[in-house]
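Taking it in order: structure first as structure tokens, then the write-up.
Rule-based calculations on the coordinates, nothing more; no lab input. Keep in mind that what you see is a predicted model, and the values were worked out from it rather than measured. A quick note on method: Cβ atoms are made from the backbone with ideal geometry, for glycine too, and the neighbour counts reach across all protein chains shown.
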Amino acid sequence: MKNKDSSKNCFFIPLVSESQIRKEKQKARELKKTRWWQRKCAPGICYYCGKKVGAENLTMDHVVPLVRGGKSVKNNLVPACKKCNQEKKYFLTMEWENLKKQK
Ligand SMILES: [Zn+2]
């Protein structure tokens, strides 16, 4: 019998090859230089915790992490403070929020 919730426990299955990730990281680096990204960071506010940390302290975060099949496209990239970026790592936003609730 199949358990429909079994996907919840599959956090660490790599979906993407390393060369694919390298390519997406390169794309992200290119996007960082654009005005679009500068405008996104200008308010200096973290997408996740909503704290004002200043544009220089924001990092580029993939909402759907690259290792989970996310792409370096504009609607998958948000400014995050270093703390959130580090905590989130390879989780999907939903998973991360569930994790925080459990604490
Ligand atoms: Zn944050």
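Computed 3J(HN,Hα) for segment 77-87, one whole-Hz value per residue from the Karplus formula 6.51 cos²θ - 1.76 cosθ + 1.60 where θ = phi - 60°, is 10, 9, x, 10, 6, 4, 4, 5, 4, 5, 6, glycine and proline marked x. Can you check what the net charge comes to around Val53, using other residues whose Cβ is under 10 Å from the Cβ of Val53 (Lys, Arg +1; Asp, Glu -1)? The answer is +3. Evaluated at q = 0.18, 0.23 Å⁻¹, the base-10 log of the normalised Debye intensity for segment 15-102, with identical point scatterers placed on the Cα atoms, takes the values -0.78, -1.17.
Just want to confirm a number: the relative contact order over segment 15-102, from Cα pairs under 8 angstrom separated by 6+ residues, in percent. Show your work: numbers first, answer last.
Numbers: 108 pairs, mean separation 23.5, N = 88.
RCO, segment 15-102: 27 percent.
Each residue, Val64 and Lys51, gets one label point 7 Å from its Cα in the Cβ direction; the gap between the two is 2.9 nm.
Packing-based ranking of 39-45, 18-24 yields 39-45, 18-24, ordered from highest to lowest mean Cβ neighbour count within 10 Å.
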